[in-house]
Amino acid sequence: MTSTAARRPGLTDYPRSDDTALATLELSDHNRTMVLRRRELWSTYLRGHGNPDAAVATRFIPLLLELIRTRSGEGLPFVPGSYYPPGFRQHVLGHTAFPDDAIDHRLSAKDESGLPFLAELRAMLAPGSDVSVPTLTSLAQVLNVLGLFSVSAKALGKRAVESGDPVLTYEVARSYYGLVTDSDKAAQPFHTLAADTGISPGTRLSAYGRLIAHYCRRQRDLDECAEVAADAQALIDGVTADTFDLRLYVSRTYRALALYAVRRRDMADIADKMQLAIDLARGLSAAASTPAEKVAAAQNERLSLEASLKAFINSKGRAMVIDMEPDAAAGRLLELDPGDPYTQLYAGDTLWMTGHDERALECFTTGGALGTFPGALAAARAGVAFDTLGRKEESETWFAVAAELDPAATAA
């Protein structure tokens, strides 16, 4: 763990402008340009197209669609990394002026004329289709990456039960988890998958990761989390991580174990687990050779760096939990995934705390231009930062952007 001196307070520690009139300002030419740029970037995500400038998390879609269209009988050798939260899709749709039913299980002929692959997907999702389990799994994954969790759960839940396939079951369980109010009930499939020693270690580790995240949500669940974490560590200790996919799963699980350490406020264990996660992540990025491996490795490393920077920010800039200085970690995160608004938000927060004002402002304004809720937070951070630096006109511009994206962001 790299220790640092006390840093500058984060932007959430500063007062924000209370000029509510900013929320009603007309869009400037600058803002209209940002809307068009957001539409250009996020439409590739919504339409399933590849885009090297888009967020890494969205780049699984064209890989999955290729497997689906060819019905190759194969799937990705690993499940995609963490998905955006359920509300993220609505932010994308709203901030790009796409209607919220532009991609849905119940598509009109007009919708399908602009999105031809979706008609084929809908036919495959029909109960009587003869689609193989690997293709169904890829369907579930692409729907989840698109944020269509309800479509995946409703169309593929019964098929997952009938097939008994653990990977399809895991993927549909991920869809279902974000849709129900009884999260404890929704976590039960992950218990079954994690405990079944006949299931592949990678799937079991993925299930353990989900369970750790689930039980870390509430203080009263930490005793349950202790048991799950111990079982996950025992599985890691018994696995020979000699393949790309197993190293990927182990790295993800160490990141989940670091979250459990955060909830226990065990700084030494946070640093230990995050260092193990990032060491594996770096090796995966260096070893990745196929398009799927490169996307998966980039996503895993970015999530590891993001978690490390969250720990730095939450410690008020007093400590890093991996063997990188905060500025270097932020730089690497920006190198890996500049098109993700979360990247720009956390990198900006880090750079502001370490006194790199102009670089931080660049991150906040870039994040604001990308839209979605983290982009709205980044725009609000830009407003506070410009105000702190005495640049009032720029401050008002970015507070207006934040209010246009999401009025709640200016109070978050």
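The values are calculated or read from the model by the stated rules, or taken from the named source; none is laboratory data. Just so you know, these numbers come straight off a predicted model, no measurement behind them. Here Cβ is always computed from backbone atoms with ideal geometry, including for glycine, and neighbour counts include all displayed protein chains. SASA here: full protein model, heavy atoms, side chains in, ligands and nucleic acids out. Shrake-Rupley method; radii C 1.70, N 1.55, O 1.52, S 1.80 Å.
Things worth noting here:
- Of all the criteria given as (1) at pLDDT 80 or above; (2) surrounded by fewer than 19 Cβ atoms within 10 Å (Cβ to Cβ); (3) in a helix (DSSP H, G or I), the one not satisfied by residue 82 is (3).
- Total residues in region 48-72, condition of a type in the set (Asp, Glu) and in contact with a Gly (Cβ under 7 Å, 6 or more places away or on another chain): 1
- For region 214-249, residues that are in a loop (DSSP other than H, G, I, E, B), open to solvent by 50 Å² or more (accessible area, probe 1.4 Å) and either among the aromatic types (Phe, Trp, Tyr) or farther than 19 Å from residue 300 by Cα (or both) total 3.
- Of residues in region 271-318 being open to solvent by 30 Å² or more (accessible area, probe 1.4 Å) and basic (Lys, Arg), the one farthest from residue 50 (Cα to Cα): 318
- Test: residue in region 240-252 that is closer than 15 Å to residue 187 by Cβ and modelled with pLDDT of 95 or more: no
- Checked against (1) assigned to a helix (DSSP H, G or I); (2) touching a Ser or Thr at 6+ places or on another chain (Cβ under 9 Å); (3) open to solvent by less than 10 Å² (accessible area, probe 1.4 Å); (4) within 17 Å of residue 304 (Cβ to Cβ), residue 376 passes all but condition (4).
- Meeting the requirement of 3 or more residues that are open to solvent by 50 Å² or more (accessible area, probe 1.4 Å) and charged (D, E, K, R), the helices (runs of 4 or more DSSP H) wholly within region 127-213 are 149-163.
- Options 205, 193, 168, 121: the member that is more than 22 Å from the chain's Cα centre (by Cα), of a type outside the set (Asp, Glu) and closer than 15 Å to residue 79 by Cα: 193
- Selection count where residues are touching a residue at least 40 places away in the same chain (Cβ under 8 Å) and part of a helix (DSSP H, G or I), scope region 286-311: 17
- Residue 26 vs. criteria at pLDDT below 90, surrounded by fewer than 13 Cβ atoms within 10 Å (Cβ to Cβ), out of contact with any Leu (no Cβ under 7 Å at 6 or more places or on another chain) and of a type in the set (Asp, Glu): yes
- Scan of region 251-269 for residues that are over 17 Å from residue 219 (Cβ atoms) and surrounded by 21 or more Cβ atoms within 10 Å (Cβ to Cβ), ordered by number: 251, 252, 253, 254, 255, 256, 257, 258
- Answer from 340, 323 - the residue that is acidic (Asp, Glu) and open to solvent by 10 Å² or more (accessible area, probe 1.4 Å): 323
- Restricting the first member to region 365-394 and to residues that are among the acidic types (Asp, Glu), and the second to residues that are part of a helix (DSSP H, G or I), the beta-carbon pairs closer than 7 Å and six or more apart or on different chains are 387/395; 394/386.
- Residue in region 318-333 that is under 19 Å from residue 208 (Cα atoms) and part of a helix (DSSP H, G or I) present: no
- Checked against the criterion of being closer than 22 Å to residue 52 by Cβ and hydroxyl-bearing (Ser, Thr, Tyr), the candidates 354, 366 yield just one match: 366.
- Members of region 35-52 that are surrounded by fewer than 14 Cβ atoms within 10 Å (Cβ to Cβ) and part of a helix (DSSP H, G or I): 36, 40
- A single member of 345, 303, 280 is over 15 Å from the mean Cα position of the chain (by Cα) and either closer than 24 Å to residue 362 by Cα or of a type outside the set (Lys, Arg) (or both), and it is 280.
- Scanning region 272-295 for residues that are among the aliphatic types (A, V, I, L, M) and under 13 Å from residue 77 (Cα atoms) yields 288, 292, 295.
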